[in-house]
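Worksheet for the structure shown next.
The values are calculated or read from the model by the stated rules, or taken from the named source; none is laboratory data. Computed from a predicted model, the values in this text were never measured in an experiment. For neighbour counting, all protein chains shown are included, and Cβ atoms are generated from backbone atoms with ideal geometry for every residue, glycine included. These area figures cover heavy atoms from the full protein model, side chains too; ligands, DNA and RNA do not enter into them. Shrake-Rupley method; radii C 1.70, N 1.55, O 1.52, S 1.80 Å.
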Amino acid sequence: MNSQKPVRSAIPYSRGNVKPLLNEIIHALDRLLDDDEPTAIDLASLPFAPGELEELERALGHGELKAELDALGKSVIRETAYPGVWWLEHRNTAGEIVGRYIEITRTPEILMSQDADIGAGRARLRDSFDNSGPEFNKEAGK
Amino acid sequence: MKTIPTLGDILQAQGVSRRGFMKYCAATASLLALPPAMVPRIANALEQARRPSVIWLSFQECTGCTESLTRSSSPTLEGLIFDSISLDYHHTLQAASGDAAEAARHAAMEENMGQYLVLVDGSIPMGNPGFSTIAGISNYDMLMETVEGAAAVVAIGSCAAFGGIPGANPNPTGAVSVQDLVKDKPVVNVPGCPPIPMVITAVLAQFLTFGQLPELDIHGRPMAFFGQTIHDRCYRRPFYEQGKFAETFDDEGARKGWCLFKLGCKGPITYNACATVKWNAGTSFPIESGHPCLGCSEPGFWDKGGFYAPLSTGKFDSGEKLAGAAVAGVALGAAAAVAGRRRQAKYTKEA
Amino acid sequence: MDLLDFARGPALQVAAYILVAGVLWRLVGIIMLKEKPEFSEPRKPGGFMAALKVIYTRSFTAAPFKRATLYPKMLAYVLHIGFFVVIFLFVPHIVFFEGFLGFDWPGLPNNLIYLSGVAAVVAGIALLVRRLTHPVLKLISNFDDYFSWFVTLLPIVTGLMMPVRMGVRYETLLAIHILSVAVLMIWLPFGKLGHTFLVFVTRGTTGMVFERRGAKT
């Protein structure tokens, strides 16, 4: 998706969005540890100068965990160098960014298996279990 | 009445997982400029939402607004918003034509009486009904007939919202806006030339999610997107405050990305979301690309005295009238002096 | 036509006609007056240099009055310099002048402009308070003094409101600001604000007359 790569000005200029955001994240971490309260920050609502988003990404760095989700387009969910601070990027099926968030939480909700999906999966599994021959049953441990 | 499936039903039928739905809801929250904490409420509402019928009318327009919308990078608009609305009439996009198309419009109106949304792009010519017709029906007649049973009207683009380019001086077709004609239905204006596609989608998503129209500003525009000026949200604003300006399009200031005020930027009086939502999947917006804002989402933007004339220049006529004023001033002064001299002569005689 | 278009267009236009006609009317009317007859032999020729000298010396208070007038004089300087800086060194204003002059000059960063504007307003208010409390000054003040004060301060105040906004829309504030300038332009030639273009004429005339009569200037 090279065509989607943003064209950025040759001279990056910081409007000063990064520092206050980092400060906000520190306070969000306080809330997470003290009150068990997660925070989500929608990066689309901020007037980033060219290069500033990259600056923020660099400042947060990469952590131990990175997950890829394939639902209505790809998403990347990864922990930054600061545990509890997650960087989420959602793309649509055309590969375009539809949302960018920082979540300050233990595990982003979207990583969890969802009850509706678990239920649907169980039904699917039960269905194939009921309709399959003895060999499948053996493998399944019956 | 046909049974209308909920959005939850549609997504389930398409095999969209809950995770996919959550992602969609997060993108919708972002689109509606709502805090991420609202996502569960949006999810709840969207699951229950029933796809509204939408009739899209195109009048004196250039199809740029439709082009903009079909390039929306919002939650896969083509796949989802368009799935979650029922676009029953759009003469550019629909396969049917002629009588069949008009029949589809009437059918949609009857089936969804009082419920459907009318989207309009383009202005309506009042000078002569023949200036713009569809299937032999004048734009005015089609608008008034279609709006009759609508829940609300959304004017897409500056032409529909304010008259736009067709309505610009000298307005040869007598073009007017939707809000000039539709007085008894709620009208939401989504101006821009074209409007930001995400904003069009957001109005639909808002209607879909909460069954209501967004809060509007004095020009009937959604506050969430038209609540602040380009200037106030511009990343080049600090240069304005520092007095650093590009003087031409290729000087040092232009290369350093300084403020474009002197090159005619209308950012200070233009309310739109370009500086944050940006264009082309969030790539940039005009100022970021080095061009001043034209103010395309403002009423009468075409007649605001030149795209490259700085905002603070006065709109003066030629100097002739001013020279006339000067001559008049000198004449008045001379007359006053003559009168004064007479008085002086009287006093000096007395003295 | 919205309010801003009206302000930028017809309002400013008419104000400019009145300003130009009014200033020339008063200037020509005064300059073409007959000189007063001289009843005594001139001590000195009293030429152009004498005029220039008084234009300069009257910028400062004569020694005996220095202490008494220090406070209002300082305030007046702050008001005048602040007003000058705001008008001629704020970049959007320079762009306005460039629109009909055809040339520009360097401006100042906005924070210095805001500072000058606030200083001018504070000085203006202090001067008004003095005018209202000083027994003699109060007695000799008339409508012209108060109205001139009002139309002078109004554009600075409306201009300073623009970055602050206070809930009012920018284009409305801009229109009000321009209209307040139009009011100032219209009033300027006729009241005491006429000193804008008359101050050096009157000082120069005084200088020449005094020199001829042998008074200390």
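If one takes the longest principal axis of the Cα atoms in chain B, at what angle in degrees, from 0 to 90 and to the nearest 10, does the Cα axis of helix B:18-31 lie? For B:18-31 against chain B, the angle is about 20 degrees.
Where in chain C are the DSSP H helices whose alpha-carbon span along the long axis reaches 20 Å or more and whose Kyte-Doolittle mean is at least 1.0? Both cut-offs are met by C:12-31, C:66-89, C:110-133, C:143-164, C:170-187.
Using a cut-off of 29 Å between Cα atoms, the listed pairs A:19/B:244; C:36/C:192; B:321/C:73; C:73/C:192; C:53/C:138; B:23/B:278 include B:321/C:73; C:53/C:138 as exceeding that distance. Here the relative contact order of chain B, from alpha carbon pairs under 8 Å that lie six or more residues apart, stands at 14 percent. When you count the other C-beta atoms within 10 angstrom of each residue and take the mean per peptide, A:40-51, A:117-128 line up highest first as A:40-51, A:117-128.
Between 0 and 90 degrees, the angle of helix B:39-48 with respect to the longest Cα principal axis of chain B falls at about 60 degrees. The mean sequence separation of alpha-carbon pairs under 8 Å and at least six residues apart, normalised by the residue count of region B:230-303, gives a relative contact order of 30 percent.
Pairwise Cα distances in region A:2-110 exceed 21 Å for 39 percent of all pairs. Highest mobility in the GNM of chain B, judged by mean-square fluctuation with C-alpha springs under 10 Å and restricted to B:149, B:15, B:164, is found for B:15. Residues in region B:50-226 average 36 Å² of solvent-accessible surface per residue, probe 1.4 Å, ligands and nucleic acids excluded. Summary of packing: across the peptides B:188-194, C:63-69, A:94-100, A:30-36, the per-residue average of other C-beta atoms within 10 Å ranks them, highest first, as B:188-194, A:94-100, A:30-36, C:63-69.
Relative to the longest principal axis of the Cα atoms of chain B, the long axis of helix B:197-210 makes an angle of roughly 50 degrees. Here the dipole of chain B is about 1740 debye; that uses its Cα centre as origin and unit charges on the Cβ of Lys and Arg (positive) and Asp and Glu (negative). Loop sites by DSSP among the GluC sites (Glu not before Pro) of chain C, restricted to those with at most 12 other Cβ atoms within 10 angstrom, leave C:39-217 as the longest stretch without any of them. Within the listed set B:203, B:16, B:176, the residue fluctuating most in the Gaussian network model of chain B (springs between alpha-carbon atoms under 10 angstrom) is B:16.
In this structure the amide hydrogen of residue B:216, modeled in the peptide plane, comes within under 5 Å of the amide hydrogens of B:223, none closer than 5 places in sequence on its chain.
Ordering A:113, B:66, B:92 by the projection of their Cα atoms onto the charge dipole of the protein assembly as shown, which places +1 on the Cβ of Lys and Arg and -1 on the Cβ of Asp and Glu, puts B:66 at the extreme positive end. Of the residues C:206, B:147, B:287, the one whose Cα sits farthest towards the positive end of the charge dipole of the protein assembly as shown is C:206 (charges of +1 on Lys and Arg Cβ, -1 on Asp and Glu Cβ, taken about the Cα centre).
The charge dipole of the protein assembly as shown, taken about the Cα centre with unit charges on the Cβ atoms of Lys, Arg (+1) and Asp, Glu (-1), comes to about 5140 debye, rounded to the nearest 20. When the Cα centres of region C:30-66 and region B:112-191 are compared, how far apart do they sit, in Å? So the two Cα centres are separated by 72 Å. On a C-alpha basis, how far is the centre of region C:173-195 from the centre of region B:267-305 in Å? Whole number, if you could? Measuring centre to centre over Cα atoms gives 33 Å.
Ligands, DNA and RNA left out, the 1.4 Å accessible surface of the protein assembly as shown is 61% carbon and sulfur atoms.
When peptides C:82-92, C:133-143, A:53-63, B:229-239 are ranked by their average number of other Cβ atoms within 10 Å per residue, the highest-first order is B:229-239, C:82-92, A:53-63, C:133-143.
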